[in-house]
Structures are given as structure tokens and as C-alpha cells.
Amino acid sequence: MKKVVVLWSSPNTDGLTASAKDQIAKGLIDAGTEVEEIHLNKLHLEHCRACGNGWGTCNKNGTCIIKDDFEEVYRKIKEADGIVWVSAVYWSDMTECFKAFFDRLRRCDATRNHFLAEKRCILIACAGGTGRGTLECLMQLERGLTHMGMRAYDRISVVRYNKDYVLPALYEAGKVYSDRIKNGFDMYY
Ligand SMILES: Cc1cc2nc3c(=O)[nH]c(=O)nc-3n(C[C@H](O)[C@H](O)[C@H](O)COP(=O)(O)O)c2cc1C
């Protein structure tokens, strides 16, 4: 059975972001894919210390000197067949918590390990305010993914205005993603 990790970040467990990840996870599960949800806000994830004058052990051997939950999440997404990245939009960007994880991941993976290269992902940004900033958030996520050689199959913004029709679409997106992971689908860049 294929496995997808749904990485998500918002302090709210019953908000727009949680609903978005629920819908895509349900679609994946109903289509026969195993899902593991990882709620980044619940974990102990420190931010990068930029040790070693900028490049530390991340660059030398692909590991981070900080001993917290980072390594385990990294291992789980490395072993997964697909990754869904779901962030609340803060300041037109991913959450601080997401960024802390993402920064350390990028240092280890893009410069040394390349474990995540070629992974096909889905990106989701959830903005509960004006809705401004979802595209910038998705762009930031995709930029980081690109540094690591991953690819986005889709980039989806969820805002208060569209949630009544986008949340059901996320369920369908989960089913389609499950199928693409099993049967393959590619795009040439
Ligand atoms: C620090 C902060 C910055 C935010 N920035 C934005 C923003 O740029 N655009 C927007 O539409 N909403 C913004 N919001 C609202 C969040 O996107 C909203 O709270 C989000 O949906 C997270 O809540 P949820 O868990 O209910 O989804 C911000 C919220 C916070 C706390």
C-alpha cells in the first residue's frame, strides 16, 4: 500500500487549515492510500541556529545538531510515497512553525542527502483572514520544494470565500493524488 504523509501547521485543531487537511486525507484514505498526519505545532521543533558560521553539520553530513523531533519527521517524509504540505497563511507566508521545520529540512536535504528529490507533492495554503497572501505562501513552499528537487503536482489556496466549494474539491484532490501516486503521472519542466 502506498503511503502519504500530511504535514500540517496551524495552532487550531478545528479551523480552516484542519478542515483542509481532513478533506484531502479522507480522499486519500478512501482511495486506498495509507495516511499519516503530522501536526507540526504539537512537536518540539526549534529553529536553525546557523551553526558553524552558516553551514554546519547539515552541509557536512546531512544531519542537524539540534536534537528534537526534526529527525523523526524527516525520516517519515523520506520514507513516504507522497507528501501533502498544508499551512495556515501567516503574513503571506507559511507559519513560523512550518518555516522552522522547512529551513532545517532544506539545509540537510538540498545540500547533502537528496532523499526528497523527485517526490511529488501537493501544496495547500489556508488563509482565514482577508485571503491575501495565499499565493505568496504557496510560492514560498514551492521555492523550498524546488531547492530540494521535489515537485508540486498542485498548489491549492483555501480562503473563507471559497471554502464551501474548495473543501469538497480537496476530498477529490486526495482521491486523484492517490491514483497518481499508484499509477504515475508526470510533467516535464
Ligand atoms: C500572525 C498571523 C498572520 C496572519 N496573516 C494572514 C494573511 O496574511 N492573510 C490572511 O488571509 N490571513 C492571515 N491570518 C489569518 C490566518 O490565515 C487564519 O487565522 C488561518 O486560517 C489559521 O487559522 P485556521 O487554523 O482556522 O485555519 C493571519 C493570522 C495570524 C495569527
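Of note:
- Only one of E142, E136 that is part of a helix (DSSP H, G or I), free of Cβ contacts under 8 Å to residues at least 60 places away in the same chain, within 14 Å of the ligand (Cβ to nearest atom) and out of contact with any Lys or Arg (no Cβ under 6 Å at 6 or more places or on another chain): E136
- Filtering segment 109-128 for residues that are surrounded by fewer than 15 Cβ atoms within 10 Å (Cβ to Cβ), within 16 Å of the ligand (Cβ to nearest atom) and farther than 30 Å from T63 by Cβ leaves an empty set.
- Matching residues, segment 165-189, being of a type in the set (D, E) and assigned to a loop (DSSP other than H, G, I, E, B): D186
- Screening segment 156-179 for residues that are among the charged types (D, E, K, R) and within 16 Å of the ligand (Cβ to nearest atom) and picking the one that is farthest from G27 (Cα to Cα) gives R160.
- Among the conditions (1) out of contact with any Asp or Glu (no Cβ under 7 Å at 6 or more places or on another chain); (2) within 16 Å of the ligand (Cβ to nearest atom), the only one that D69 does not satisfy is (2).
- Within segment 1-38, the set of residues being part of a strand (DSSP E or B) and surrounded by fewer than 18 Cβ atoms within 10 Å (Cβ to Cβ) comprises K3, E34, E36, E37.
- When residues of segment 1-32 are limited to those that are under 13 Å from Y171 (Cα atoms) and touching a strand residue (DSSP E or B) at 6+ places or on another chain (Cβ under 7 Å), the one nearest to the ligand (Cβ to nearest atom): A20
- Some residue of segment 47-57 being within 18 Å of L141 (Cα to Cα) and touching a helix residue (DSSP H, G or I) at 6+ places or on another chain (Cβ under 7 Å): yes
- Segment 144-178, residues that are surrounded by 14 or more Cβ atoms within 10 Å (Cβ to Cβ) and among the charged types (D, E, K, R): R151, D154, R155, K163, K175
Values in this text are rule-based calculations from the coordinates and carry no lab data. Since the structure is predicted, the reported quantities are computational estimates derived from the model, not experimental observations. Positions of Cβ are generated from backbone atoms using ideal geometry, with glycine treated the same way; all protein chains shown enter the neighbour counts.
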